[in-house]
Amino acid sequence: MAMKRAAASVIRNVCGSRVVAPSPISRPLHASPGSTKIVGVFYKANEYASLNPNFLGCVERGLGIGEWLQSQGHQYIVTDDKEGPNCELEKHIPDLHVLITTPFHPAYVTAERIKKAKNLKLLLTAGIGSDHIDLQAAAAAGLTVAEVTGSNVVSVAEDELMRILILVRNFLPGYHQVINGDWNVAAIAYRAYDLEGKTVGTVGAGRIGKLLLQRLKPFNCNLLYHDRLKMSPEMEAQTGAKFEEDLDAMLPKCDIIVINTPLTEKTRGMFNKERIAKLKKGVLIVNNARGAIMDTQAVVDACSSGQIGGYGGDVWYPQPAPKDHPWRYMPNQAMTPHISGTTIDAQLRYAAGVKDMLERYFKGQDFPEDYYIVKDGKIASQYL
Ligand SMILES: NC(=O)c1ccc[n+]([C@@H]2O[C@H](COP(=O)([O-])OP(=O)(O)OC[C@H]3O[C@@H](n4cnc5c(N)ncnc54)[C@H](O)[C@@H]3O)[C@@H](O)[C@H]2O)c1
């Protein structure tokens, strides 16, 4: 049978910047003539949907592309119901052609779902970060995975700067005092510091990491970065950040650590008990990258013991975070739901990016090269 699936295991042969899956079944990168069935999975906005016409990233607006798709004769189904065997998404898996999902309310596209999705050709991430998809299974099945690269990097970098300041200044206990009718300066001041002069290290200095370093520059910190790739001399000069080739040499120098890598098999659980134990006591950590880069319980224990002085971020595993997720209840945290990359400005950018990719797909045109996460059986290098 011509459409026999390729073996699930992917040979880790680096070919150019991508990894090659053995004999991928190539599903055409453009739409076949006729109606395309597109499913979008987004968070529900309920009463907030009508409060802003540009609130595009929710179920109610579906990225603002519903009328356009229908006018072209395509079927567009939008839902937030993504978990379990009887969910709405599961009903459409066998015959959908395109799945759009966001990291904020991720539809987990497992190897099992890919196996069931006989018509699936294209997986689009409205935002950045496609770790909710089993990329190896997608590559082996010949699927195309693409995200709107760059769409919300400013949004995330600004949020990281905010969380750094919230933690350094011990802002949240003061805010809670105000709400609770209290007034106790000492309870906040004994562990509130200036950002100036502190050593800040980013793990990952890609698009978001660089924007954060640029934003930190005027605060007169000592800036360090670790990445697989060294930045250009111009960017190093502009930010004043020093390259640290060895992650474990950089981390103990840092007063503040910010995580800016994708979630990959190399970064999953990167901050485990042993690594956290080697950090400066009272270190502050900001993680807007992905929750699973941390060992969940190790973070809870270190926040409780004071080894971590404060942990802030907007990413969890799984998402939505269950009511009993221990990060909700640990001390000295500045956590929110996954919001940093879904500002209204970011939504306008990633909605436009998704529409552009669909237009190109219908016309049989390629996407911008750096949008591809999986193409022709190969996985993009930042996910290796
Ligand atoms: N919270 C949010 O709303 C939100 C929004 C956008 C992106 N993100 C997350 O941030 C991540 C980074 O986004 P970006 O646009 O900066 O991506 P990017 O691809 O521009 O940068 C990622 C950087 O990480 C580096 N890297 C990858 N693996 C590494 C490893 N094992 N060790 C050291 N460095 C490694 C890469 O070399 C690259 O420079 C995304 O993958 C996503 O998970 C979160």
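What follows is calculated from the coordinates using simple rules that are stated; it is not laboratory data. Keep in mind it's a predicted model, so treat the numbers as computed, not measured. Cβ coordinates were reconstructed from backbone atoms using ideal geometry, including for glycine residues, and neighbour counts include every protein chain displayed.
Write out the chymotrypsin sites (Phe, Trp or Tyr not before Pro) in segment 323-384 meeting two conditions: DSSP loop, and at most 14 other Cβ atoms within 10 Å of their Cβ.
Passing both the DSSP loop test and the Cβ count: Tyr329.
Remark on segment 168-213: ratio of C-alpha radius of gyration to 2.2 N^0.38 Å is 1.63. 3J(HN,Hα) along segment 49-55: 4, 7, 7, 8, x, 8, 7 Hz, from the Karplus curve 6.51 cos²θ - 1.76 cosθ + 1.60 with θ = phi - 60°, whole Hz, x for Gly and Pro. Among Asp370, Asp134, Asp182, the largest mean-square fluctuation in a Gaussian network model of the chain, built with springs joining Cα atoms closer than 10 Å, belongs to Asp182. Averaged over residues, the count of other Cβ atoms within 10 Å places the peptides 167-174, 294-301, 80-87, 234-241 in the sequence 294-301, 167-174, 234-241, 80-87, highest first. Please check: in the Gaussian network model of the chain (C-alpha springs, under 10 Å), which one of Lys44, Lys91, Lys198 has the largest mean-square fluctuation. Ranking Lys44, Lys91, Lys198 by mean-square fluctuation puts Lys91 first. Under 28 Å between alpha carbons, and skipping anything fewer than 8 positions from Lys323 in its own chain: which lysines qualify? Cα-Cα hits under 28 Å: Lys44, Lys82, Lys91, Lys273.
Hull volume per residue, based on the alpha-carbon atoms of segment 305-384 and their convex hull, is 162 Å³.
Both numbers refer to the Cα atoms of the chain; Rg and Dmax are 21.7, 73 Å. Here the chain is assigned +1 on the Cβ of each Lys and Arg and -1 on the Cβ of each Asp and Glu. Its dipole about the Cα centre then comes out at about 800 debye.
Separation of the alpha carbons by more than 19 angstrom is noted, of Lys115/Lys266; Lys266/Lys378; Lys118/Lys266, for Lys115/Lys266; Lys118/Lys266. Specify the residue with the greatest mean-square fluctuation among Gly313, Gly34, Gly201, computed from a Gaussian network of the chain linking alpha-carbon atoms under 10 Å apart. The residue that fluctuates most here is Gly34.
Within segment 153-335, the proportion of Cα pairs with more than 30 Å between them is 15 percent. The aspartates and glutamates within cross-link reach of Lys375, meaning a Cα-to-Cα straight distance under 16 Å and a gap of 8 or more places when in the same chain, are Asp131, Asp134, Glu147, Asp366.
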